[in-house]
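Following: one structure in structure tokens, then a few remarks.
Only the coordinates and a few stated rules stand behind these numbers; no lab work does. Just so we're clear, the structure is a prediction, and the values are computed from it rather than from any experiment. Cβ placement follows ideal geometry from the backbone for every residue including glycine, while neighbour counts extend to all protein chains displayed.
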Amino acid sequence: MNYRHGYHAGNFADVVKHLALVAILQHLKKKDTAFAVVDSHAGRGVYDLTGEEAAKTGEARGGLARLINLPDEMPPALAAYLGLVKEGGPSRYPGSPLLAAQLLRPQDRLTAIEKHPEEFAALKDVLASYANVQAEQGDGYVRAVKLLPPPSRRGLVVMDPPFEATDEFESLARAISGAVRKFATGIFLIWYPVKSQSATDVFLGEVLAAGVQKALTVDTQISAPEGKLDRAGLLVINPPYGFDAEMFAAAQIIAAPLGADIGVKWRAGGP
Ligand SMILES: C[S@@+](CC[C@H](N)C(=O)[O-])C[C@H]1O[C@@H](n2cnc3c(N)ncnc32)[C@H](O)[C@@H]1O
């Protein structure tokens with residue numbers, strides 16, 4: 001467990017993932033009914049963009065830093081995402097559990113799971129002041145599936161593993177299948193790197209065949225130096241109505257400054 005998200009916080013892949021997270025939560029908030037968020041690989045909650053890890057890679061310079069001076073007119077999810085990021089100040093980047101915690105209403109719940117002891121300790125501190133938010137130390141794949149379906153029967157499961165292990169796609173696909181079986185109507189936001197098209201296709205094929213009826217992918221590609229991540233995907237299962245249009249509209253605005261190609265594509269599910 002050497003992975004530290006601090007090296008990558010605020011990069012192009014984080015920006016698109018967190019934009020999607022905010023867009024989904026905003027859609028969930030359109031109804032008064034409570035929802036639950038389960039974040040299986042939560043990280044430390046907040047990242048110091050002036051810290052040693054961020055400085056070493058400089059990845060936020062190719063991501064968030066390029067979105068600071070966008071025009072005032074922008075789609076609601078993009079405006080909300082950038083608003084939350086700016087609220088924390090220029091050197092503090094919020095991770096997925098903090099963004100979710102900030103968007104919850106009194107009736108909603110968040111469980112954020114993190115395995116690494118130091119990252120978990122930081123996460124616990126960051127989330128301590130939020131009501132209805134639980135930080136848990138453990139294996140996110142196991143805990144997330146156990147927590148489903150949430151009592152509210154509405155909600156979002158975020159799975160964002162580190163892809164350190166060579167069999168991460170297999171573990172992720174297994175966990176998604178188990179989670180979808182228990183919470184078929186849930187929304188799932190899943191992040192993956194695209195290093196090999198064939199490995200990605202196998203992963204998506206396996207997941208989509210496992211009883212998923214409605215899904216889309218968001219594929220983001222940038223040019224990056226040799227050996228650096230240049231392409232990442234999001235699989236969104238059961239995206240809320242209007243999510244595709246919202247992501248497409250945001251992509252029109254952020255693609256040029258990020259120097260990225262962003263594709264939003266519906267995927268056929270299977271039995
Ligand atoms: C990509 S980072 C998460 C970033 C976070 N989701 C965000 O967007 O701000 C992956 C995290 O998963 C943690 N991790 C690794 N294996 C895990 C496991 N089996 N269960 C839970 N967390 C794990 C790592 O320590 C790391 O903090």
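Magnitude of the charge dipole for region 153-271, about its Cα centre and with charges confined to Cβ atoms of Lys, Arg (+1) and Asp, Glu (-1), is about 580 debye. When both region 230-252 and region 125-159 are represented by their alpha-carbon centers, they are found 23 Å apart.
Counted by neighbouring Cβ atoms within 10 Å, the residues W191, W266 run from fewest to most as W266, W191.
Note on region 1-146: dipole from Cβ charges, positive end direction compared against N69, A144, H116; the farthest Cα belongs to A144. As a calculated quantity, the FRET efficiency between D125 and D201 at R0 = 45 Å, using C-beta atoms, amounts to about 0.65. Full extension of the chain between A224 and K146 gives 24.2 nm of extra length, using 0.36 nm per residue less the Cα-Cα distance.
Annotation: the residues M74, M247, M159, M1, sorted from fewest to most other C-beta atoms within 10 Å of their own C-beta, follow the order M1, M74, M159, M247. Taking I68, I176, I113 as the candidate residues, the one with maximal mean-square fluctuation in a Gaussian network model of the chain, Cα springs under 10 Å, is I68. Couplings 3J(HN,Hα) of region 5-12, computed from phi: 5, x, 6, 10, 4, x, 7, 4 Hz, in residue order, whole Hz [Karplus 6.51 cos²θ - 1.76 cosθ + 1.60, θ = phi - 60°; x for Gly and Pro]. Structure remark: mean-square fluctuation, Gaussian network model of the chain, C-alpha springs under 10 Å; the largest value among E118, E73, E59 belongs to E73. Summing charges over all other residues whose Cβ lies under 11 Å from the Cβ of T220, with Lys and Arg as +1 and Asp and Glu as -1, gives -2. Evaluated with a Cβ-only charge set (Lys, Arg +1; Asp, Glu -1), the chain carries a dipole of roughly 840 debye about its Cα centre, given to the nearest 20. For W191, what charge total do you get from the other residues with a beta carbon under 10 Å from its beta carbon, if Lys and Arg give +1 and Asp and Glu give -1? Net local charge, W191 excluded: -1. Helix-only arithmetic for the chain: the sum of -39500 (n - 2.57) across DSSP H runs with n ≥ 4, divided by the residue total, places the mean residue ellipticity at 222 nm at -12000 deg cm²/dmol. Ranked by the mean number of other Cβ atoms within 10 Å of their residues, highest first, the peptides 252-261, 15-24 come out as 15-24, 252-261. Dipole of region 5-268 computed with +1 at Lys/Arg Cβ and -1 at Asp/Glu Cβ about the Cα centre; of S177, A42, G155, farthest Cα towards the positive end is G155.
Taking other Cβ atoms within 10 Å as a rough exposure proxy, S177, S96 sort from fewest to most as S177, S96.
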